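Reading through the structure tokens given below for one structure.
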Amino acid sequence: MVRQFMEMVRIDSESGNEARFLQYLLAELKAMGAAAALDAYGNLIASFPPLGCAGKEPILLSCHGDTVKPGVGIEPVLGSDGVIRSGGDTILGADDKAGIAEVLEAVRVATVRPPLEFAVSRQEEVGLTGVKNLDFSRLRSRRGFLMDNDTLETIVIGGPSYFAIDVTVTGRGAHAGMEPEKGINAILAAARAIAALRLGRLDPETTANVGVIQGGVIRNGVPASCTFLAECRSAEHAKAAALAEEMTSTIRAQVQAAGAAVEIAVDEKCRAVRISEDAWSVRVAREALGRVGIDAKPVFITGFTDASIYNNRGIEMAVVGIGAQGEHSTEECIAVADMERAVRMIEEIFRIAAR
Ligand SMILES: [Zn+2]
């Protein structure tokens, strides 16, 4: 498993550039006896027949095949402390290739297993684009587990609604020293709008942010254009939707009061999901982790994962850990002992689902 994990992270697969890695995985899965193919969008879907049981419902395991940046030229190093880190100035790619390596290992070593489907999405890190375009007609499972939480100590049972708000403010350019009164300052209009927004944590389950602003070309020109990127999210869909609406109308009113024009694009990226703590997949994950000696707690997170889309599409998915630390940073690392615990958890999931 460790050898294969290190081999996989050496294959570059930043979001949008996963094809070579998924081809590698496709060949590997077929060699392991799976029926496997890519769907029209390039997501990988595989299925394994049951082992040592009959008449059981299939379960789905899922990971994503892409990584964040900087993820080109990853050189994994296994230290004498049993921890795998990246040797260079890159991420490690444990997110989510450790999950993939653990699933493959569990399939290899398990002595009992229900009918198993394994989906590996692409472009997860850039807005769950792969899973949103997944060919769900190829999946039979009604429940399963997403292997994409960092710690094994928690089970993610939900994520928020998320709105991306792209704003383009258009003013009028003019010489800043000679004839400023002929201009309309787009940066000032955008600044007024942003200053009027409620940002940060608005209540325990609702947040808003402006994360990017760009505008102007030269110091001595009244800027004609300014763009900024905002977002809002909430565990409650209605709250997130109302907040997106509030932010949009505040921006529009402020920009117009400053005499500039505005274009606002609102994109509902993800719809809030919360599965019950008593849901089958949560109970099975807790029992499996318990058998490995981990008392895992169900948690709701304000980030999102492919599980939000699976749950929205009617496949009950709990998100379980892969054992990684420091994801999305060059400090990302994973202990071999934690990978082994994750494999044992998956074996226990198989055993419970097959009983
Ligand atoms: Zn991930």
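With respect to Pro114, determine if the residue is more than 16 Å from the ligand (Cβ to nearest atom), modelled with pLDDT of 95 or more and on the phi < 0 side of the Ramachandran plot. Can you show your working first?
Numbers: more than 16 Å from the ligand (Cβ to nearest atom): yes; modelled with pLDDT of 95 or more: yes; on the phi < 0 side of the Ramachandran plot: yes.
Yes.
For the list (1) open to solvent by 10 Å² or more (accessible area, probe 1.4 Å); (2) of a type in the set (D, E, K, R); (3) within 15 Å of the ligand (Cβ to nearest atom), I need the number of the one condition that Lys56 fails.
Of (1) open to solvent by 10 Å² or more (accessible area, probe 1.4 Å); (2) of a type in the set (D, E, K, R); (3) within 15 Å of the ligand (Cβ to nearest atom), only one is false for Lys56: (3).
Considering only residues of region 123-134 that are in a helix (DSSP H, G or I) and away from the ligand (no atom under 13 Å from the Cβ), which is least open to solvent (accessible area, probe 1.4 Å)?
Restricting attention to region 123-134, the residues satisfying the condition of being in a helix (DSSP H, G or I) are 129-132.
Narrowing further to those that are away from the ligand (no atom under 13 Å from the Cβ): 129, 132.
Values: Thr129: 41, Lys132: 77 Å².
Only one residue fits best here, namely Thr129.
Show the residue pairs meeting these rules: Cβ distance below 6 Å; 6+ apart or different chains; first residue within region 69-85 and within 20 Å of Asn17 (Cα to Cα); second residue among the aliphatic types (A, V, I, L, M).
What qualifies is Gly71/Ile91; Ile74/Val9; Pro76/Met6; Pro76/Val9; Pro76/Ile84.
Scan region 294-310 for residues that are surrounded by 15 or more Cβ atoms within 10 Å (Cβ to Cβ) and more than 14 Å from Glu277 (Cβ to Cβ) and jot them down.
Ile294, Ile301, Thr302, Phe304, Thr305, Asp306, Ala307, Ser308, Ile309, Tyr310
Let me confirm something: among Ile91, Ile45, which residue is modelled with pLDDT of 95 or more, surrounded by 20 or more Cβ atoms within 10 Å (Cβ to Cβ), within 20 Å of the chain's Cα centre (by Cα) and over 19 Å from Glu125 (Cβ atoms)?
On the way: Ile91 fails: over 19 Å from Glu125 (Cβ atoms).
That would be Ile45, the only listed residue that is modelled with pLDDT of 95 or more, surrounded by 20 or more Cβ atoms within 10 Å (Cβ to Cβ), within 20 Å of the chain's Cα centre (by Cα) and over 19 Å from Glu125 (Cβ atoms).
For region 319-329, which residues satisfy the criterion of being touching a Ser or Thr at 6+ places or on another chain (Cβ under 7 Å) and under 14 Å from Ile294 (Cβ atoms)? Reasoning before the result, please.
Step one: list which residues in region 319-329 are touching a Ser or Thr at 6+ places or on another chain (Cβ under 7 Å), which gives 319, 321.
Of everything in region 319-329, just one residue is touching a Ser or Thr at 6+ places or on another chain (Cβ under 7 Å) and under 14 Å from Ile294 (Cβ atoms), namely Gly321.
Which number in (1) within 16 Å of the ligand (Cβ to nearest atom); (2) not in a loop (DSSP other than H, G, I, E, B) marks the one condition that Gly303 misses?
Going through (1) within 16 Å of the ligand (Cβ to nearest atom); (2) not in a loop (DSSP other than H, G, I, E, B) one by one, Gly303 breaks only (2).
Can you name every residue in region 191-235 that is assigned to a loop (DSSP other than H, G, I, E, B), at pLDDT 95 or above, farther than 13 Å from Thr250 by Cβ and open to solvent by 70 Å² or more (accessible area, probe 1.4 Å)?
Taking region 191-235 first, the residues assigned to a loop (DSSP other than H, G, I, E, B) are 196-199, 204-205, 216-220, 223-224, 235.
If we keep only those that are at pLDDT 95 or above as well, we get 196-199, 216-220, 223-224.
With the extra rule that they be farther than 13 Å from Thr250 by Cβ, the set shrinks to 216-220, 223-224.
Val217, Ile218, Arg219, Asn220 - these are the residues of region 191-235 that are assigned to a loop (DSSP other than H, G, I, E, B), at pLDDT 95 or above, farther than 13 Å from Thr250 by Cβ and open to solvent by 70 Å² or more (accessible area, probe 1.4 Å).
Looking at Glu231, Glu236, can you tell me which residue is in contact (Cβ under 8 Å) with a residue 12 or more places away in the chain and either touching a Pro at 6+ places or on another chain (Cβ under 9 Å) or farther than 30 Å from Ile275 by Cβ (or both)? Steps first, answer last, please.
Numbers: Glu231 fails: either touching a Pro at 6+ places or on another chain (Cβ under 9 Å) or farther than 30 Å from Ile275 by Cβ (or both).
Glu236 is the lone residue from the list that is in contact (Cβ under 8 Å) with a residue 12 or more places away in the chain and either touching a Pro at 6+ places or on another chain (Cβ under 9 Å) or farther than 30 Å from Ile275 by Cβ (or both).
Quick check on this structure: which one of Asp96, Asp39 is within 14 Å of the ligand (Cβ to nearest atom) and closer than 28 Å to Val282 by Cβ? Quick ask: steps written out before the conclusion?
Numbers: Asp39 fails: within 14 Å of the ligand (Cβ to nearest atom).
Checking each option against the conditions leaves just Asp96.
Do we have Ser47 as among the small types (Gly, Ala, Ser) and within 19 Å of Ser141 (Cβ to Cβ) here?
Details: among the small types (Gly, Ala, Ser): yes; within 19 Å of Ser141 (Cβ to Cβ): yes.
Criteria met by Ser47.
The values are calculated or read from the model by the stated rules, or taken from the named source; none is laboratory data. Remember, predicted model here, so these are calculated numbers, not experimental data. With ideal geometry, Cβ positions are generated from the backbone for all residues, glycine too; neighbour counts draw on all protein chains shown. Keep in mind that these areas ignore ligands, DNA and RNA; they rest on the heavy atoms of the full protein, side chains included. Shrake-Rupley method; radii C 1.70, N 1.55, O 1.52, S 1.80 Å.
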